[in-house]
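Heads up: the structure comes next, in structure tokens.
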Amino acid sequence: MDSAAGNCGQMSIDISFTLDQSSAEPVLEREQLVDLFSRISTGIGADYYLVIQCLPGRANETSRILVCNWVFDVLESVGRDNLARIVQSQFSTRLGAPAKPFVCEDLAGLLPERAVAALVRNGHLDFACQQLQFGQARYGVIFSSAEKETLGSAAVSRAQMMCCYALSRIAPDLYVECADPLSERERECLRWVSEGKTTDEAAVILGVSSNTVNSYITHAIQKLSATNRAMAMATAIRNGLI
Amino acid sequence: MGRVGALAPRLEWEEASTVRRIARENSAGRQAKRMQAISVLLEATEFSLMNVLAGAGSLRLVPVVDSAAPQMSPLTQMCLGGHAQAFAKAAMASAVPAIWHEGDARPETCWARRIAPPAPRSSGIVFPLPTGHGGGSIAIFSAPRRLDDETLCQAHLECFGLLKPAGNAKPAGSGSLPALSKRELECLKLTADGLTSEEIATRLGLSVHTANQYLANTTQKLNAVNRMHAVAKALRAGLFD
């Protein structure tokens with residue numbers, strides 16, 4: 001078997017949880033999610049975990065922390081925006097790709113100095129970060145450890161797969177819908193744009209006037225906080241809206 | 001495999017395409033071996049790897065590896081049959097593996113979700129391997145007998161290992177999109193970020209004409225009708241994020 005998947009070393013990670021017998025498709029409530037992430041962290045030798053949900057197209061709130069066991073001071077010093085930056089950086093791996101652990105110093109170019117200093121001061125020295133996206137939900141998972149070089153790629157890769165499973169099953173109230181989702185017509189217009197249709201062609205297809213199509217697209221641009229239709233279309237595709 | 005270098009003679013077009021075909025077949029052979037190994041892990045009977053190409057609102061399944069190659073296994077035929085769209089959609093609907101089986105027996109794993117069987121009296125599991133936005137690949141195994149949490153996780157990771165690493169994550173032999181140059185990809189990314197040709201030219205230190213030329217190249221290479229279409233195709237194929 002390929003060593004990228006491999007075994008996870010001495011510790012095995014227990015990801016079972018009590019199955020809710022009454023429901024065919026079990027969901028995880030917050031407590032269960034916290035418990036699961038704690039077990040996963042311990043299993044890979046990490047001291048801290050943090051799960052952040054990145055929200056598209058909202059002017060004021062670009063990310064939201066779902067669960068974490070970080071000390072509040074550190075969270076405040078580092079800030080959500082910087083955490084989102086880590087998740088979107090090249091240090092973060094995508095689903096299925098082998099994990100790429102890194103150390104705090106590597107973040108020097110990405111985050112302001114005080115943020116990096118805060119991390120070092122508070123025992124976040126070794127990191128592994130993953131980006132997950134299913135449909136409209138986009139998450140980042142950051143594991144960190146107080147000792148350097150403790151997070152191994154093979155173990156973390158497996159753990160990341162489990163995180164993916166866990167996050168796919170969270171209860172609806174834990175997950176934030178993006179504000180002002182597109183209307184069906186706006187979605188349709190963007191879909192046709194993504195198929196290379198011009199405004200006039202889309203108007204013919206949808207049986208409305210070109211002005212109407214332009215107006216739908218303008219609304220979509222506003223809702224997605226985009227600057228033009230290319231960006232709106234790209235944002236919509238990236239967030240599983242079309 | 002032909003070696004490209006100063007001393008190697010330049011291959012004629014036909015020879016070059018033969019070399020490419022052999023390379024594809026060889027890597028398809030490697031993929032088949034790895035799928036066979038995963039199949040053994042799951043104690044399954046047949047296996048199939050397919051690419052999922054996302055258009056606007058529809059999905060297309062393209063087989064890549066098959067346990068019965070060069071024939072098409074009953075599993076592949078079943079999945080490409082009448083309910084292919086519904087099956088593809090259900091498979092890609094989530095990052096979690098999907099299983100189908102007759103009756104109400106509760107599977108050992110609590111993580112997999114249940115989907116409608118593509119054919120009656122069958123059972124199987126499909127591992128979604130999303131690469132682009134909405135598209136990617138799926139690895140399907142029929143009648144798996146070993147499905148505990150550990151095995152599921154392990155198998156899924158191994159399935160991801162079947163795809164070509166980094167860059168273009170499509171399995172080899174998918175006949176997929178030709179490679180874009182670094183500059184072309186950059187121009188495409190910036191277009192997706194909402195920049196106009198002038199802004200792209202300034203950002204990259206090119207003339208507007210050159211930037212437009214790069215974008216025209218991508219449109220042609222990706223078989224798109226205009227640059228919006230090119231951006232959408234590139235995003236969906238996972239050529240950039």
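What to note about this one:
- Consider segment A:135-153 and keep the residues that are farther than 30 Å from B:Met92 by Cα and small (Gly, Ala, Ser). The one that is surrounded by the most Cβ atoms within 10 Å (Cβ to Cβ) is A:Ser144.
- Leading residue by the ranking (farthest from the chain's Cα centre (by Cα)) among those in segment A:188-241 that are touching a residue at least 60 places away in the same chain (Cβ under 8 Å) and facing another protein chain (nearest Cβ under 9 Å): A:Ala226
- Subset tally (residues that are over 15 Å from A:Tyr49 (Cα atoms) and polar (S, T, N, Q)) for segment A:85-137: 6
- Set A:Ala171, A:Ala166: member being touching a residue at least 12 places away in the same chain (Cβ under 8 Å) and crowded, with 19+ Cβ neighbours inside 10 Å: A:Ala166
- Taking each residue of segment A:131-145 that is among the polar types (S, T, N, Q) and looking for partners that are modelled with pLDDT of 90 or more and in a strand (DSSP E or B) with beta-carbon atoms closer than 6 Å, six or more apart or interchain, yields A:Gln131/A:Ser92; A:Gln131/A:Gly140; A:Ser144/A:Tyr48; A:Ser144/A:Phe127; A:Ser145/A:Asp126.
- Where B:Glu158 falls short, out of the listed (1) assigned to a loop (DSSP other than H, G, I, E, B); (2) within 20 Å of the chain's Cα centre (by Cα); (3) modelled with pLDDT of 85 or more: (1)
- With respect to (1) at pLDDT below 90; (2) farther than 30 Å from A:Arg158 by Cα, the lone exception for B:Ala234 is condition (2).
- The single condition among (1) closer than 29 Å to A:Leu241 by Cβ; (2) within 11 Å of chain A (Cβ to nearest Cβ) that B:Asp104 does not meet is (1).
- Odd one out for B:Ser39, checked against (1) of a type outside the set (Val, Ile, Thr); (2) in a helix (DSSP H, G or I); (3) under 16 Å from the mean Cα position of the chain (by Cα): (3)
- For segment B:189-231, the candidate set comprises residues that are in contact (Cβ under 8 Å) with a residue 40 or more places away in the chain and facing chain A (nearest Cβ under 10 Å); within that set, the residue that is surrounded by the most Cβ atoms within 10 Å (Cβ to Cβ) is B:Val231.
- Residue in segment B:14-28 that is at pLDDT 85 or above and either farther than 30 Å from B:His229 by Cβ or not small (Gly, Ala, Ser) (or both) present: no
- Residues in segment B:56-88 that are in a helix (DSSP H, G or I) and within 21 Å of B:Ala143 (Cα to Cα): 11 in all.
- Complete set of residues in segment A:15-68 that are surrounded by 14 or more Cβ atoms within 10 Å (Cβ to Cβ), more than 26 Å from A:Ala84 (Cα to Cα) and at pLDDT 65 or above: A:Pro26
- Odd one out for B:Leu239 among (1) part of a loop (DSSP other than H, G, I, E, B); (2) surrounded by 20 or more Cβ atoms within 10 Å (Cβ to Cβ); (3) without any contact (Cβ under 8 Å) to a residue 40 or more places away in the chain: (3)
- Just one of the numbered conditions (1) within 14 Å of chain A (Cβ to nearest Cβ); (2) closer than 22 Å to B:Gly55 by Cα; (3) modelled with pLDDT of 85 or more; (4) buried (at least 22 other Cβ atoms within 10 Å of the Cβ) is not true of B:Lys89: (4).
- When segment B:116-134 is filtered for residues that are within 11 Å of another protein chain (Cβ to nearest Cβ), part of a loop (DSSP other than H, G, I, E, B) and closer than 21 Å to A:Arg169 by Cα, the ones remaining, listed by number, are B:Thr131, B:His133, B:Gly134.
The values are calculated or read from the model by the stated rules, or taken from the named source; none is laboratory data. These numbers come from a predicted model, not from an experiment. Counting neighbours? That spans all protein chains shown, and the Cβs are built from the backbone with ideal geometry, glycine included.
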